[in-house]
Amino acid sequence: MGKVIPGRYTAHMDGSFVVFVIGFRINKWWAVHKWLPVMNAMTPMLQELYRNKEELGFMDGTYHFSGRGLTLIQYWRSFEHLEHYARHGANHLKAWRDFNRKVGTGGDVGIFHETYLVQEGQYECLYNNMPRFGLAKAGAHVSATGRRETASRRLGREGEPAVPTTPNP
């Protein structure tokens, strides 16, 4: 995951961006022949994205396992980049077709996605004693001081810290 960076940090993004949440859920554990191919289809897609980040407009992502599946949080330069990959990415199209043909609406395994279009300056985040993570890994990792010290300030509003902030080392 990376080296822990002591202190308080936030992220800076130039322009608008997209947060895309996608995943799958195992609904019937015994239907391994249905959900295992869905899970295995993720690796080639992720390899394709990371190999061609600039060209595809993919910035970065995080991966979260649960007892029933996997959720990916991805950061994209624009909705147009994301949609282009969804409609033209060779590995994604194969996975999409295979899912519809082999699983469809049978209920053995579920898939989901959520897309959030984030306008410039309409986000805030904080990372305290963390490796570069999430939006700070997809964008710029910057000190959470001054205009970036509180959630309100990071959103361009006014607001004093409710608790005194410990200075970064």
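The values are calculated or read from the model by the stated rules, or taken from the named source; none is laboratory data. If you're wondering where the values come from, they're calculated on a predicted model, not measured in any experiment. For accessibility, only protein heavy atoms count, side chains too; no ligands or nucleic acids. Shrake-Rupley method; radii C 1.70, N 1.55, O 1.52, S 1.80 Å.
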For the chain, what is the calculated [θ] at 222 nm in deg cm²/dmol (nearest 500), taking -39500 (n - 2.57) for each run of four or more DSSP H residues and dividing by its residue count? -9500 deg cm²/dmol
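What's the extension gain from Val118 to Gln47 if we count 0.36 nm per residue and subtract their Cα-Cα distance?
Result for the pair: 23.0 nm of gain on full extension.
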Relative contact order for the chain: what is it in percent, counting Cα pairs under 8 Å that are at least 6 residues apart? 41
Rounded percent of accessible protein surface that carbon and sulfur make up, the chain, 1.4 Å probe: 56
Which value, in Å² and to the nearest 10, is the accessible area of His12 when all protein chains are kept and the probe is 1.4 Å? 70
Need the list of lysines near Lys137 for cross-linking: C-alpha distance under 30 angstrom, and skip anything on the same chain fewer than eight residues off. Lys3, Lys53, Lys94
Gaussian network model of the chain, Cα within-10 Å springs - most flexible of Leu46, Leu36, Leu117: Leu36
Applying the Karplus parametrisation 6.51 cos²θ - 1.76 cosθ + 1.60 with θ = phi - 60° to the phi angles of region 146-162, what ³J(HN,Hα) value in whole Hz is obtained for each residue in order, glycine and proline being reported as x? x, 5, 10, 6, 10, 4, 4, 5, 5, 9, x, 9, 9, x, 7, x, 6
